[in-house]
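The values are calculated or read from the model by the stated rules, or taken from the named source; none is laboratory data. Predicted, not measured: the structure shown is a model, and the values here were computed from it. As a convention, Cβ positions derive from the backbone with ideal geometry for all residues, glycine included, and neighbour counts pool all protein chains shown. Calculation scope for accessible area: heavy atoms of the full protein, side chains included, ligands and nucleic acids excluded. Shrake-Rupley method; radii C 1.70, N 1.55, O 1.52, S 1.80 Å.
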Amino acid sequence: MNILAELRSRFCIALAKLDGSAEQLADMVLPSQDAKFGDYQANCAMPLGKTLGKPPREIAQQLVALLDVADLCAEPQIAGPGFINLRLRDEFLMAQIQQALVASDLGITPADQPQTFVLDYSSPNVAKPMHVGHIRSTVIGVALDRVLRALGHRVISDNHIGDWGTQFGMIIYGYKHFADQAAIASHLVDELSRLYRLVNQLVDYQETKNRKLPDIEKRIVDEAHCLDRLHDSTELEDPREREEHAKRLQSSENTLAELRKELADMRRKLAAVEGDPQLSPLLADHSAIGAAVLAETAALHAGDATNRSLWERFLPACLESMNEIYRRLGVTFDFTLGESFYEDRLAEVVADLASQGLVTESDGAKCVFLEGVDAPFIVQKSDGAFLYATTDLATIQYRASEWKPQTILYVVDHRQSLHFEQLFATARKWGFDQIRFEHVSFGTVLGEDGRPFKTRSGSAVGLGGLLDEAIERAHAIVSANDDARESPLLSPSERRQIAERVGIGAIKYADLSHNRTSDYVFSYDKMLAMQGNTAAYMQYSYARVRSIFAKGEINAESLRGRVSELGIQHPAERALALALLQLSEALARVSTDFRPNHLTAYLYDLASKYSSFFENCPVLKAETDKLRTSRLLLCDLTARTIGYGLQLLGIEVVERM
RNA sequence: GCGCCCGUAGCUCAGCUGGAUAGAGCAACGGAUUUCUAAUCCGUCGGUCGCAGGUUCGAAUCCUGCCGGGCGUACCA
């Protein structure tokens, strides 16, 4: 049961007798911040006192008199300015625990109104190697997928892979000019990544040299002029004007300094490429590489036989290496409909937008201009090619007609927020105004230096290597700890399996336990630590519960026939029981703002409560058989709740570690 | 220039829709083991919540301005 929701609905009934905005006020029932105030608290008497023009404590008393919660709580207490503090009755807690113990789904309260969600996550470009940013989308996406399903929603997961864009033009160009045929034959995907990186560096070099550098040089000249003029006009009488002037002078100087720094960075980058023995010999012959790459992309899209056959040859290998990562992460999708799937619909999308008068041509490009946004949403380039804006629109059209979702979620990093703002606005104008669109954005994964997470060589860290390292470190820790025992528990193969689950779990949990909107620092040491809110701690807690059953040779399932023996005496038992009953609340929170860290926070709190119980309440050596059974029942529900919560996060548990 | 996001303890981060004395973990210091996994637990130390105003009975949270940082800003995704 979702106790919070139940209390709110009880309050809603009582509040309706006092005021019109009962539902809003009922939302002010919250879990207590401090256990000394009880289990839940209602803060609605204060604002209500205001609107009704009566002392809040008086309102609180009226409310308590109208409130019917006797089956759930002890007599509500009024405190401070008018807080209503609620303490659940132990009999109620026990009855709920008993229900959860015998329920097939731990007694989770499903959503009031089940919806259809389309969940768009992971979405890597197949030609580029996946990096640490993709893992964040994937891991958050999986967690949302499972939590929404657990609450009874219909979820369609769709991996919108980038298999048709400019990156493929880069690979094709690279293949035609730089391919090592032996490597193509033996290590196709690795060679394609090398080609991608190579071409990307060259394109970047030419683009910087031919466009960005002159552009910034011009801006420096302009800014310097501007600054000169400001310097010349110093004879101002009015002090306010003088102040204004000084401010503009300062701002201009700052801008200039920034631009010069950028220029220096660019020159350094260019020099690095020019000094690179592999890259520098290629520069002269590939001076127009940017245009050439676009031409290769355009040829692919136009159906050029060579490029098309290269695409058909490369794609399966790319997908295979991508799927290898998904296999290791334990991820599956309902659909993997990439950009290429929508290829033949793009012209129609633009034509349809145009027929509705939404398209304006500007500098040769077909654009949708939106109120309040300066940059246009370009749906067709001046050379006739389509872009990801077009594909995304076609995708919305397809998803809407195929699955009829109420909500479409995009788990994509925050740098694309403008794109999604434009996409959603355009889609609504286009007629998809009944669908709720949500950009579930997330921050950047940083290295310990505070810069985006990179290897020493400067390239983004490959995902495979990242997982390998986490597993290796986990293995070292598992082995060291087991070796330190008087008699080690674990066989070499068991250690391997544990390391795999702990290592991968650590990476996933680190992503999930942070608020997704903030950047966070990636640290193996922190994520694999046994203290604090980590996967390893959660897995350890689980293993510790399970070891009681192993030690006592107790079958948890057969125990569930004896739920009548459940009792709550010790404060640690009560705290644990209450925490066990709050799973539904945590899941509901995850589903309202699409933030899995509500669930990790809940699990951490639960595990802490269990630790306290474990210290204070002997289970196998409990004084009486009934107490022993009762505590075993709490242990059983704890293990299953932690196990289930981690499963929803895509993390596996181990019986021993 | 414009737009979005961020600024919380020495470090890494929570803080839900405004609620009572701002919380964890690490680090530092001290304690607990004949007891179910001590990979644990308990305690101490540590914060003018970037700054200044405002709204409110009540602000880390909402509003305005400023300072500092990140990202984005027309044919990449």
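Values computed for the structure shown
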item	result
Residue-normalised accessible area of chain A, expressed per residue, 1.4 Å probe, Å²	47 Å²
Mean-position separation - Cα centroids, segment A:40-59 and segment A:287-364, in angstrom	59 Å
Hull-based mean projected area of segment A:3-88, where the convex hull spans the alpha carbons, in square nanometres	4.7 nm²
Shape call, segment A:470-648: gyration tensor on alpha carbons, a/c limit 1.5	oblate
Chain A: calculated mean residue ellipticity at 222 nm from DSSP helix runs of at least 4, using -39500 (n - 2.57)	-19000 deg cm²/dmol
Taking chain A and dividing mean pair separation by its residue count, relative contact order in percent (alpha carbons under 8 Å, at least six apart)	15 percent
Set of lysines near A:K621 by C-alpha distance (under 16 Å), chain-local residues within fewer than 8 positions excluded	A:K551
Set of lysines with alpha-carbon distance to A:K209 below 18 Å, sequence-local pairs under 8 removed	A:K218, A:K261, A:K269
Accessible surface ranking that places the most exposed of A:R267, A:R308, A:R248 first, with a 1.4 angstrom probe	A:R248, A:R267, A:R308
A:V373 accessible area, assembled protein chains, probe 1.4 Å, Å²	30 Å²
Chain A - percent of accessible surface contributed by carbon and sulfur, probe 1.4 Å	49 percent
Electrostatic dipole magnitude of segment A:3-88 [Cβ: Lys, Arg +1; Asp, Glu -1; Cα centre; debye, to 20]	260 debye
Per-residue SASA entry for A:T517, accessible area with 1.4 Å probe, Å² rounded to 10	80 Å²
Heavy atoms of A:D468 accessible to a 1.4 Å probe, total area in Å² rounded to 10	80 Å²
Projected area averaged over orientations for chain A, convex hull of C-alpha atoms, nm²	39.6 nm²
Whether segment A:293-442 is rounded, prolate or oblate, judged on the alpha carbon gyration tensor where a/c under 1.5 counts as rounded	oblate
Peptide ranges A:312-319, A:199-206, A:291-298 listed from the most packed, as the mean C-beta count within 10 angstrom indicates	A:199-206, A:291-298, A:312-319
Which of A:Y398, A:Y520, A:Y644, A:Y388 is most accessible, then next, and so on - probe 1.4 Å	A:Y388, A:Y644, A:Y398, A:Y520
Global geometry of segment A:249-369, whether rounded, prolate or oblate, following the gyration tensor of its Cα atoms and the 1.5 cut on a/c	oblate
Mean Cβ count within 10 Å, highest first, over the residues of peptides A:103-116, A:559-572	A:559-572, A:103-116
Listed residues A:L282, A:L583 arranged by accessible area, highest first, probe 1.4 Å	A:L282, A:L583
Furthest towards positive pole of dipole, A:Q422, A:A375, A:A351, structure part chain A, Cβ charges	A:Q422
